[in-house]
Structure formats: C-alpha cells, structure tokens
Amino acid sequence: MATVQKDRSMLLQKEMIANHFARLEQAPETGEKVVYTFVPGNLTELIRSFGALPMLPEINALQSGMRKQSGDYIAEAERAGHSEDVCTYVKCDIGMMRSGNIGPGGTKLPKPDLLLLSYTGCYTFMKWFELLREEYQCPTVMFHVPYQGDGVLEPEHRRYMLRQLREQVIPALEKVTGRRYDEDRLREHLVRSARAEDDLVAVLQAGKLRPSPIDGYFGTVYYVGPIFSAFRGTEEGVEYYRALREEVDERAALGLGPVTPDGPLNDQKYRLVVEGPPNWTSFRDFWKMFSDERAVVVASTYTKVGGTYDFGFRHDPADPLGTLADYCSGCYTNLNLPSRIDMLVRYIHEYQADGFLINSVKSCNSFSAGQLMILREVEKRTGIPGAFIESDLVDPRYFSAANIKNRLESYFQMIDARRLGKTA
Amino acid sequence: MATRGEDAGRQALTRAAVVDRAREIYDDLDFGVVRQWLAEHPGGKAGGYLPVYAPREVLHACGFLPVGIHGGGDRLEIIRGDAFYQSYICHLPRSVIELAQSGRLDMLSAVLFPSTCDVIRNLSGMWKLLYPDVYVRYIDVPQTPDPGAAVDFWAGELERLARDLGDVSGHEPGDDELRQSIALYNDVRAMVRTLYAVRQERPWDVPTEELYLLLRAGESLPPEEFIALARGYLAAVEAEPRRPRDNSRVVIVGAFCEQPPLGLIKSIERAGCYIVDDDFLLGNRFLTHDVPLDGDPLRALAAAFVRNDQHTSVLYEIDPLGKRRLMRDRVAAAHAHGVIFATPSFCDPALLDQPMLRAGAEDAGIPCIAFKYAENSGQFQQFREQAGTFSDSIKLWGAA
Ligand code: SF4
Ligand code: SF4
C-alpha cells in the first residue's frame with residue numbers, strides 16, 4: 001500500500017536521524033570523533049571511512065528554522081555583534097551555540113574535533129568556520145574547491161583538489177581520529193553512495209511523469225536530507241533510498257501525486273521548476289500556497305546543492321579521491337551562472353513545466369546575486385515567463401506570507417491566461 | 001622617450017594641480033585616460049579588473065592597460081543596474097553593470113573577476129552572457145594553507161591567464177616582458193607604500209582625500225604615469241608643508257571593495273580624525289613585498305602571492321588567532337588610536353569578519369566604532385557626528 005510504504009521511508013529517515021544525533025550527543029563519552037562540514041562539497045564517505053561522525057551546521061540551522069527556534073538564535077547573534085546583513089544560517093548556528101548548543105532535535109550537540117572547511121560554492125563558508133574556530137578552538141582544515149568559472153572542471157583544478165585531499169585533508173583526519181587512511185574502506189562507502197544515488201535519481205526523474213508522484217522541491221528537500229548530510233555511503237542511506245524509490249514507483253504506477261500539507265495532490269494543474277532555497281520558518285505555509293493552487297514542483301535546483309546526480313555523475317569507487325573532487329566541483333552553487341541557466345532551461349523542457357519560479361533569499365549571495373538575470377535569460381530561452389519572490393532561509397522577519405501569496409496567485413492566473421491564449 | 005607622466009613629474013606641479021588632475025580622472029566615468037591611451041597605442045587593449053586582487057602584471061605584459069573597475073560611486077545615476085540586483089545586495093555590482101550597460105566600459109577587451117565574494121563571482125557569469133565578445137575570467141586565488149600546492153595552483157592559473165590574454169591581444173609575452181611588467185608593478189607598489197608611509201608619518205601633509213584621489217587615478221593611468229604623478233605629489237607635499245592639528249589617528253577597516261564616496265572620507269577627516277591606515281583600493285598594495293625578478297616570472301609572482309603577509313577578509317586566515325590579532329597589529333604599526341569599521345552595506349566579507357576583528361581590537365583596549373555606507377551615500381552628517389564624537393572621546397579618555 002502506498003501510504004504504508006511512504007510511512008516506511010519517513011520512519012526510516014526519522015530513525016536514522018535520531019540515531020545519528022544520539023551518537024553525536026554521546027560522542028564525548030564514546031570517543032567517536034565529530035567532524036563539522038558543509039552540505040555542498042561534503043566529504044561524508046571520507047569522514048566515515050575514518051570512523052568519524054559528520055555534522056552539518058546548515059542542517060541544524062534549517063531545522064531550527066522549521067521548529068521556529070531560529071528567530072531567537074539570530075537575535076542572540078545580532079546582539080553579539082553579527083550584522084543583520086549576513087547569512088542567517090551562520091547567525092542561527094552561532095546563536096544556537098551561545099544558547100547552550102542544544103540541537104533542533106533537543107539533543108546536546110558535541111563540539112567538533114575537526115572543522116573540515118570544504119570551501120565549495122559559497123564564500124560565507126570560509127567566514128563561518130573562521131568564526132566557529134574561534135569559539136571551539138579546534139583544528140581546522142581548509143579544502144579549497146575552485147569555482148567552475150568557465151563552466152567546466154579544469155584538469156589543473158582537479159589536480160589541486162586531489163593534492164589538498166592527500167596532503168591536507170587526509171592527514172588532518174588521520175591526526176584527529178588516530179586511524180590511518182584506508183582506501184579500500186573508502187571504496188566500500190563509495191559503492192554504497194553510487195547505489196543510493198541511482199535510486200535518488202530515479203526518484204527525482206519521476207517528476208517527469210504526469211501526474212508527478214513527487215514534489216521536486218518541497219517534498220524533495222526531505223528526500224535529499226540523508227544523502228546531503230551524514231548518510232551518503234552508509235547502509236542506512238542505501239536502505240532509505242531503496243525504500244523511497246519503491247514508494248515513488250508505486251505512487252507512479254497508481255497514478256498518484258505526492259502528499260502535500262493539503263493531502264495527496266493527484267489532480268495537478270500547474271507544473272513548475274523552482275530555483276533557490278526554500279524558506280524554512282514558514283515551510284508548510286509556503287508549500288501550501290502551491291498545493292492550494294494544485295501546483296506541483298517537478299524539478300528544482302536547490303535539491304542539487306549537495307550534489308548534482310541527475311546528469312550522470314555517480315561517486316566512482318574506482319577513483320576514490322578523484323571522484324570526491326568531481327563531486328565537490330559539480331555541486332550546484334559551484335556552477336557558474338550560464339551553467340545554472342542551462343540547467344533550469346533543461347529542467348523546464350525535460351520536465352515539461354508550465355512555469356518557473358525563483359525564490360530569492362536575502363541570506364545567500366551565492367544563490368541570489370544574479371538571479372534577476374537568470375530570470376530574464378530563462379524567460380528568453382524558453383519563452384515562458386517566470387515568477388520572482390523574495391524571502392529568507394531562517395529569519396522569520398523576511399517571510400511576508402501575504403506578499404508571496406499575492407505574487408503566486410497572480411502568477412498562476414498568468415499561466416491560465418497564457419493557456420487560454422494558446423487554445424483560443 | 002619621456003611619457004606625459006614623466007613630463008608632468010619634471011614640471012614641479014603644485015599640490016593642487018596634481019590633485020586636480022587625479023580628481024579629473026576619478027570623476028570621469030567615461031574613462032577618458034583609458035580611451036586616450038588606446039587611441040595612442042593602436043595595438044593595445046584595455047583589460048578591466050574588479051576588486052580586490054588581480055595580477056595586473058599579467059595584463060600589462062600581454063599588452064593590456066589594466067583598468068580598475070570600482071563602480072560609479074555617488075557620481076552615477078543607476079538606471080539599468082537596479083534591474084539586475086535585489087535590494088539586499090550591495091551597491092557595487094549595480095553601478096558596475098550600469099557603467100557597462102551605458103557603454104562606459106565598451107573599451108575593455110577583457111575583464112577579470114577576482115574571488116572576492118560571491119557577488120563578484122556571479123557577476124563574472126553575468127558578464128559572459130551580457131558581453132560574449134569580452135574575455136572574462138574568474139580569478140580564483142589559492143586558499144589552501146599548503147604553500148607548495150598554493151604556488152603550483154596559482155602559477156598554473158597565471159600561465160593560463162597569460163595564454164588567454166595573449167590570445168586576445170595577439171601577444172603572448174616572453175619571460176623578459178613578464179619580468180619587465182613585474183618590475184614596473186614592483187615600482188607601483190613601492191610608490192604606494194611610500195605614499196602610505198608618508199601619510200602615516202605626517203597625515204596633516206597627506207590628507208587621505210588627496211591620497212585616495214591619487215590612488216584612484218592610478219587605477220586607470222598607465223603605471224609609469226601614475227608613478228610620475230605620485231612623485232609630483234610627494235614633491236609638492238615637501239614644498240608645501242602643512243601644520244599638524246590635534247586630531248586622533250584612526251585606521252579604517254572594511255572598505256576594500258565597494259568604495260566609500262569621497263564625501264565620507266572627507267567627513268571623517270574633517271571630524272578630527274587622521275586616517276593613518278586603511279584598506280581602500282587594497283589591490284594596489286596587496287603584495288606587500290617586491291616580486292623577485294629572477295627565475296620563472298609567473299612562478300615568482302605566484303610565490304610572492306603565497307608568501308605574502310597580507311591579511312584580509314578575502315583570504316582564508318590560517319592562524320587561528322590571526323583575526324584577533326590583526327587590528328592590534330595594524331593599529332600598532334600605524335601608531336593609531338582607534339579603528340573605524342566602515343563597511344559597505346550587505347558586504348559579506350567585511351561584515352562577517354567584523355565581529356572577530358572588533359573583538360580582537362576591544363580585547364586589546366582599542367576604541368572602535370562601526371558604520372555602514374553605500375558608494376552612493378549622499379548624507380554625511382551622521383558619519384561626521386559619529387567620527388567627531390569618536391575622535392573627541394579618544395582624546396578625552398587618553399588613548400591618544
Ligand atoms: S550564504 Fe548561502 S550557501 Fe552560503 S551558508 Fe549561507 S545559505 Fe548557505
Ligand atoms: S561590496 Fe562586499 S559583497 Fe559587495 S561585491 Fe564587494 S566584497 Fe562583494
């Protein structure tokens with residue numbers, strides 16, 4: 001039964017996360033080493049191959065946003081001198097730490113044994129870990145992933161990354177964990193990564209069906225959670241994506257849509273592509289603005305920030321460090337603007353979208369700077385007008401429900417008018 | 001053959017004449033001096049670069065006149081630029097786009113976008129789309145703390161850049177030409193260091209308003225002309241000394257990319273602060289030592305970047321205590337009394353660094369104030385009042 005299977009993947013995810021956070025909480029006692037790192041360019045398999053536990057501050061921040069805790073944390077950080085103008089993930093994290101470092105799930109978060117600064121696709125990452133390094137006074141290792149300024153991974157850039165992995169990152173992990181680098185072990189993790197990635201891609205591409213059995217944005221941020229965070233390359237990750245794929249396949253076979261805050265969305269009126277991260281503080285209200293209108297998101301770019309798999313990349317155990325470099329380089333925010341535009345245009349065509357929407361978040365220059373140009377270029381190349389809305393990630397002050405709802409309603413009316421025009 | 005700049009240097013210009021010349025260049029948003037240079041050098045090209053650090057030597061050796069693109073300040077009405085940027089993005093990129101969309105940058109055959117922040121990074125992609133005939137390169141400087149890997153990477157980037165720019169200009173430079181350009185920019189940096197040293201020693205003789213205009217002129221002038229103009233300025237300063245005042249000595253921090261309007265610099269000075277160190281136009285002195293002229297020139301340039309001791313928001317700070325120490329060290333080196341954090345609104349690098357820098361300064365007992373500006377801020381009253389109160393409090397409480 002579809003509902004039972006859906007519950008299974010959700011339950012699995014809940015259980016995985018709860019276990020992970022319990023292990024994190026107990027790490028000071030068990031001696032398990034904790035490595036903080038970022039979602040884009042996360043080296044989860046490598047960290048895991050040393051028996052260490054990854055923790056991702058962005059995930060904590062977004063979950064604090066969903067649980068309505070982020071506003072207080074941000075205020076706390078601003079009181080301590082952090083500017084109102086900068087990324088609210090950073091301020092949420094710092095505010096949380098200053099408030100006792102109780103994670104969004106209610107467990108105490110451990111201090112990092114290592115800050116693995118995978119500098120991939122976002123300038124703020126560098127400052128974030130410089131700030132955390134001051135607070136925790138722990139070892140920090142910088143891993144510089146060059147930006148794809150010309151839209152490709154240049155061979156010299158790949159060599160530079162490999163050298164840093166061998167000469168900086170691995171020695172830092174060896175030192176912190178007291179274990180030697182074990183390439184065979186890393187390969188085993190990578191085999192599991194690729195398996196989960198296959199299943200994830202099948203899930204993402206189900207958005208091409210009519211009706212779409214997934215929501216490629218609101219629903220998919222849950223789906224990518226495990227692979228973007230601590231579970232790529234783990235058995236639990238493999239099991240989760242297998243279960244998820246079965247669930248989605250079954251919904252597809254039955255001609256069912258995704259489950260939204262309004263219940264199942266089988267009768268889909270609008271198919272959209274979305275660029276930009278969601279707002280987390282009013283996530284369900286935001287989603288509901290779409291499902292109320294029977295709009296389903298068939299594909300999104302945000303769900304590629306932790307890895308772009310749907311154009312063929314898979315972690316390759318035959319080239320363990322090279323594949324990590326390739327992975328990092330290909331994360332969405334490490335792609336240049338023309339590549340991002342190409343991706344959106346491709347999604348609109350391949351997923352037969354009626355429209356596209358940009359949610360521009362105040363926090364994030366990496367995503368947001370240039371989005372108005374993206375809007376115009378995509379409109380020009382597809383002939384489809386786009387919608388542009390503004391909000392923030394986890395700062396509740398910047399989510400204006402009425403404004404966004406109005407914008408969306410007019411946008412859907414515009415799509416209706418275009419349809420009428422076409423059939424007239 | 002003497003250049004016009006050398007002639008100017010020999011004519012013992014007055015301070016006012018040098019400053020007027022520099023102001024004229026600064027005010028000219030059509031980049032007349034660049035266009036004139038192009039007219040006088042038929043095979044030459046102009047290559048722009050955004051803040052902060054770009055290897056101008058490489059542009060120069062490939063036959064380009066390097067041109068700093070620092071926005072339009074308060075002298076440019078934004079008509080098209082706002083359509084490209086949301087309200088919560090700093091002002092610089094919109095005025096850069098405005099300059100470009102209004103044709104004022106149409107003389108540039110190449111534009112380099114350094115890895116200063118994600119706004120400039122993304123602007124590189126926009127430029128590729130808007131101006132497909134212009135060579136665009138995102139300049140990703142090495143951030144790894146491993147000097148070996150950093151030098152190899154950066155030397156490779158510089159080689160690639162030299163090849164690409166050579167393709168654009170039709171002139172790929174040999175080692176000797178690269179060395180000549182490096183030597184010339186060593187001279188430029190030495191001159192900038194001298195100007196900063198004289199100002200630090202006698203800020204009453206070298207007001208920052210004047211120094212700043214001179215340095216801005218240096219962002220468009222051929223290097224030899226800048227050096228000559230600066231020499232003329234220094235000679236004029238010696239010839240026309242001024243009397244010191246009882247001002248406080250301050251360091252300005254955070255203004256390395258989007259530049260403050262001139263009125264803001266003037267307001268700070270008129271409020272009783274001598275600016276004795278700053279990070280305006282930081283790229284012109286990013287390399288703190290001469291680049292050696294022996295060996296492979298691009299490797300030498302790369303090594304100079306990596307072995308540099310420039311600490312700024314746009315580079316990863318390797319030393320865990322580095323941010324905490326930086327203000328204390330800079331204030332001590334400049335014999336300053338306080339720090340003014342003057343940062344562009346919405347500037348990630350400057351604003352994310354500020355809590356670390358400020359905490360370090362305050363731990364060391366250094367008085368600080370902070371304000372935000374935009375390059376087109378038009379009201380300076382509030383800045384003047386803040387800076388005035390700051391200066392008075394420094395004098396009153398004896399930090400001076
Ligand atoms: S600036 Fe953007 S990419 Fe960077 S940490 Fe913030 S939200 Fe993430
Ligand atoms: S002012 Fe700051 S945020 Fe804006 S482009 Fe410059 S460095 Fe980037």
Seminar exercise, completed: Between residue B:339 and residues 5 or more places away or on another chain, the pairs with built amide H atoms under 5 Å apart involve B:251, B:368, B:369
Seminar exercise, completed: Going through A:380/B:128; A:127/A:288; A:422/B:128; B:45/B:266 one by one, the pairs whose alpha carbons sit over 24 Å apart turn out to be A:127/A:288; A:422/B:128; B:45/B:266
For this session: Could you give the C-alpha radius of gyration of chain B expressed as a fraction of 2.2 N^0.38 Å, taking N as the number of residues it contains?
Result: 0.95
Seminar exercise, completed: Least to most buried among A:308, A:107, by other C-beta atoms within 10 Å and fewest first, runs A:107, A:308
Exercise. For residue A:174 and residue A:397, what does the FRET efficiency come to when R0 = 41 Å and r is the distance between their Cβ atoms, rounded to the nearest 0.05?
Worked result: 0.40
Exercise. For chain A, what is the calculated [θ] at 222 nm in deg cm²/dmol (nearest 500), taking -39500 (n - 2.57) for each run of four or more DSSP H residues and dividing by its residue count?
Worked result: -16000 deg cm²/dmol
Exercise. Rounded to the nearest 5, what is the percent of antiparallel bridges among the DSSP beta bridges in chain A?
Worked result: 10
Exercise. So how tilted is helix B:175-201 from the main axis of chain B? Cα-based, degrees 0 to 90, rounded to 10.
Worked result: 10
For this session: With label points built 7 Å along Cα→Cβ from the Cα atoms of residue B:201 and residue B:87, find their separation and express it in nm.
Result: 5.0
Problem set entry | Likely footprinting exposure, A:405, A:68, fewest C-beta neighbours within 10 Å first | A:68, A:405
Problem set entry | For the protein assembly as shown: span of alpha carbons on each principal axis (Å, largest first) | 92, 69, 53
Problem set entry | Cα pair count fraction exceeding 21 Å, expressed as % - the range B:306-400 | 39
Problem set entry | Dipole magnitude (debye, nearest 20) for the protein assembly as shown, charges at Cβ of Lys, Arg, Asp, Glu | 1240
Problem set entry | Rg/Rh (Cα only; Kirkwood hydrodynamic radius) as it applies to the range A:8-181 | 0.98
For this session: Determine the distance separating the Cα centre of the range A:59-99 from the Cα centre of the range B:168-232; give it in Å without decimals.
Result: 44
Problem set entry | Neighbouring partner chain Cβ atoms per residue of B:334-347, average, 10 Å criterion | 1
Seminar exercise, completed: One finds, for residue A:84 and residue B:106 with R0 = 22 angstrom and r their Cβ-Cβ distance, a FRET efficiency to the nearest 0.05 of 0.05
Problem set entry | Distant alpha-carbon pairs in chain A (separation over 33 angstrom), percent | 31
Exercise. Roughly how large, in nm² to one decimal, is the mean projection of the convex hull of the alpha-carbon atoms in the range A:186-423?
Worked result: 12.7
Exercise. Cα centroid distance between the range A:231-249 and the range B:272-335, in Å?
Worked result: 49
Exercise. What's the center-to-center distance, using Cα atoms, between the range B:81-114 and the range A:10-44 in Å?
Worked result: 43
Exercise. If we count other beta carbons within 10 Å of each Cβ, what is the order of A:224, A:378, fewest first?
Worked result: A:224, A:378
Exercise. Using helices alone, what [θ] at 222 nm do you get for chain B, with -39,500 (n - 2.57) per DSSP H run of 4 or more residues, divided over all residues and rounded to the nearest 500?
Worked result: -15500 deg cm²/dmol
Problem set entry | Net charge dipole size for chain A [Lys, Arg +1 and Asp, Glu -1 on Cβ; Debye, nearest 20] | 440
For this session: With springs connecting C-alpha atoms under 10 Å apart, model chain A as a Gaussian network and identify which of A:250, A:134, A:25 has the largest mean-square fluctuation.
Result: A:134
Exercise. Under 14 Å Cα-Cα from residue A:91, which aspartates and glutamates qualify once same-chain neighbours fewer than 8 residues away are excluded?
Worked result: A:58, A:72, A:76, A:78, A:130, A:135, A:392, A:395, B:348, B:353
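Read the figures in this text as sums done on the coordinates, not as results from a lab. The shown structure was predicted, so the numbers you read here are calculated from the model rather than taken from an experiment. Heads up, the Cβs are rebuilt from the backbone with ideal geometry, glycines too, and the neighbour counts pull from every protein chain shown.
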